[in-house]
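Worksheet: the structure to be examined is printed underneath.
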Amino acid sequence: MSSVTLNGHGLAGVSSSEASTVPEAGADDSRNATVNLFASPGADVTHLRSGPLGVHIDSFAGLLSGQGYSTRTGYRKIRLVAELSRWLGRRQMRAQDLNEEHIRAFLRARRRRYLLQRGDRRTLAQLIDYFREAGVTPIPCSAPCDAPVAKITADYARFLSQQRGLSRATLNNYLPIAGRFLETRFGSGPVSLSKLRVVDITRFMLNEAWRVGSNQARRVASPLRCFLRFLTQEGKVAANLAIGVPRVAHWRLSELPQFLEPEEVESLLSRSHRNTPAGRRDYAVLLLSARLGLRASEVVRLQLEDINWQAGEILIRGKGAREDRLPLLNEIGQALAEYLKNDRPCCACRRVFLRMNAPRQGFSSSVAIGNILGRALVRAHLHPEHRGCHLLRRSLATTMLRRGASLSQIGQVLRHQRAQTTEIYAKVDVAALRALALPWPTRV
């Protein structure tokens, strides 16, 4: 694909250094003019800069402006911060002292006066997060917890992140399971890891299967084995208890993968609302999933620097910090260029796909991609049994198989690390399998 020159609408914006600059005390009004972005022309905004937070309110206003908040919403947020500043001043508090307890007390006072509005908590959470990133208020140090379970899970977290290099998302899945296992076995009493037995593991897995069902319980087994291996490696238990984690009944390849027929995929794409900015963004998202088989998380993490327009390829950041390069198909390139040039909100975020409403930032999780797909299925009047984010990915693999691609080729396109992951698609070609099936025995 030929080189695409962007006009800066989607790429230019407030730089990270500009967005995080906090004016020092004593700065003159020529530097503190950002509040005027949200105030009426000619309005006196001096009162908004009173109190201990006054010298920082312009930089916070610049952050809100960079995140795309409207004049009305931005001014309401600035007024709330100014009220908090005066509230702190009456109590002889400094900006450096601001923490969550002070914010809760301020919000309670507003509630008693019937002044609490929707969004106030969110605004003040933005404020304190911004102050901590800018170094105005210190990041709270988690007090050392004397609870034995907390100590063990903290050591486990360091092991997962430092030695195994797992992502924060994986830690968020693994740590609660380890903590729940220890709390189930030892409760709030002392934790004696030497007393762990296989029967404790079996009992825990049975309780999990009863609590969340067998399908979800399968997702507990692997993190639990990892935790037990950690205990063995650290010498906290003598025996390798990981081999005692029972397998939850699951028959691999027992079901056909859920997919859409090629004409259904084309109907889904053709019915995209490409006459609106959000519609053109969603169309590019759907194309990446339908044509390249990207996972939802890979679409979410896509950065502006990952698109190499000159070479005609895209850098994909997949599972386990793996990076792959896929061709930038002309259809996808045109959709991305149209979105980036005309529709992508102007902000400092480097993610390709952003929220259309403030705060202008990348999608927080893969749920946003699932919502985009769900809306597209409704427009196309399609009602598959499973509507997950992998639907278009599986549809691509199925179409490739029917057109003569081998399983190894499908695995390369989908970037499977193991050949067994691709095996399920061997059952999709029902017509070919029918010729291999033995006739059903009949009684003569």
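Only residues that are crowded, with 18+ Cβ neighbours inside 10 Å and modelled with pLDDT of 90 or more were counted across segment 378-392, and they come to 3. Ile177 satisfies every condition listed in (1) under 30 Å from the mean Cα position of the chain (by Cα); (2) more than 22 Å from Val248 (Cα to Cα); (3) of a type in the set (A, V, I, L, M, F, W, C) except (2). Six or more apart or on different chains, Cβ atoms under 8 Å: show the pairs whose first residue is in segment 79-93 and touching a residue at least 40 places away in the same chain (Cβ under 8 Å) and whose second is β-branched (Val, Ile, Thr). Hits for this filter: Leu80/Thr123; Val81/Ile57; Val81/Thr123; Leu84/Ile103.
Residue-by-condition table, conditions (1) at pLDDT below 90; (2) more than 29 Å from Arg301 (Cα to Cα); (3) not small (Gly, Ala, Ser):
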residue: Gln117; (1), (2), (3): no, yes, yes
residue: Ser161; (1), (2), (3): yes, no, no
residue: Ser167; (1), (2), (3): yes, no, no
residue: Ala178; (1), (2), (3): no, no, no
residue: Leu182; (1), (2), (3): no, yes, yes
residue: Arg197; (1), (2), (3): no, yes, yes
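Rundown of residues vs (1) in contact with an Asp or Glu (Cβ under 7 Å, 6 or more places away or on another chain); (2) modelled with pLDDT of 90 or more, yes/no style:
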| site | (1), (2) |
| --- | --- |
| Arg164 | no, no |
| Leu193 | no, yes |
| Leu206 | no, yes |
| Gln216 | no, no |
| Val245 | no, yes |
| Pro277 | yes, yes |
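For segment 176-191, does any single residue satisfy the condition of being closer than 30 Å to Arg317 by Cα, out of contact with any Ser or Thr (no Cβ under 6 Å at 6 or more places or on another chain) and outside any loop (DSSP other than H, G, I, E, B)? Yes, the conditions are met somewhere in segment 176-191.
From the list Leu98, Leu88, Leu127, which one is touching a Ser or Thr at 6+ places or on another chain (Cβ under 7 Å), assigned by TED's automatic domain parsing to the domain that holds Gly54, buried (at least 17 other Cβ atoms within 10 Å of the Cβ) and not charged (D, E, K, R)? Even if it seems obvious, please write down each step before you answer.
Numbers: Leu88 fails: touching a Ser or Thr at 6+ places or on another chain (Cβ under 7 Å); Leu127 fails: touching a Ser or Thr at 6+ places or on another chain (Cβ under 7 Å).
Of Leu98, Leu88, Leu127, the one residue that is touching a Ser or Thr at 6+ places or on another chain (Cβ under 7 Å), assigned by TED's automatic domain parsing to the domain that holds Gly54, buried (at least 17 other Cβ atoms within 10 Å of the Cβ) and not charged (D, E, K, R) is Leu98.
Determine whether segment 401-411 contains at least one residue that is of a type in the set (A, V, I, L, M, F, W, C), modelled with pLDDT under 85 and either under 28 Å from the mean Cα position of the chain (by Cα) or under 25 Å from Ser70 (Cβ atoms) (or both). Checked segment 401-411: no residue is of a type in the set (A, V, I, L, M, F, W, C), modelled with pLDDT under 85 and either under 28 Å from the mean Cα position of the chain (by Cα) or under 25 Å from Ser70 (Cβ atoms) (or both).
Scanning segment 318-349 for residues that are outside any helix (DSSP H, G or I), basic (Lys, Arg) and either in contact with a Pro (Cβ under 7 Å, 6 or more places away or on another chain) or surrounded by 15 or more Cβ atoms within 10 Å (Cβ to Cβ) (or both) yields one hit, Arg344.
All of Arg355, Arg350 fail the test of being out of contact with any Lys or Arg (no Cβ under 6 Å at 6 or more places or on another chain), among the basic types (Lys, Arg), assigned by TED's automatic domain parsing to the domain that holds Met400 and within 23 Å of Gly388 (Cα to Cα), apart from Arg355.
The values are calculated or read from the model by the stated rules, or taken from the named source; none is laboratory data. Note that the coordinates shown come from a computational prediction; the quantities given were computed from them, not determined experimentally. Cβ coordinates were reconstructed from backbone atoms using ideal geometry, including for glycine residues, and neighbour counts include every protein chain displayed.
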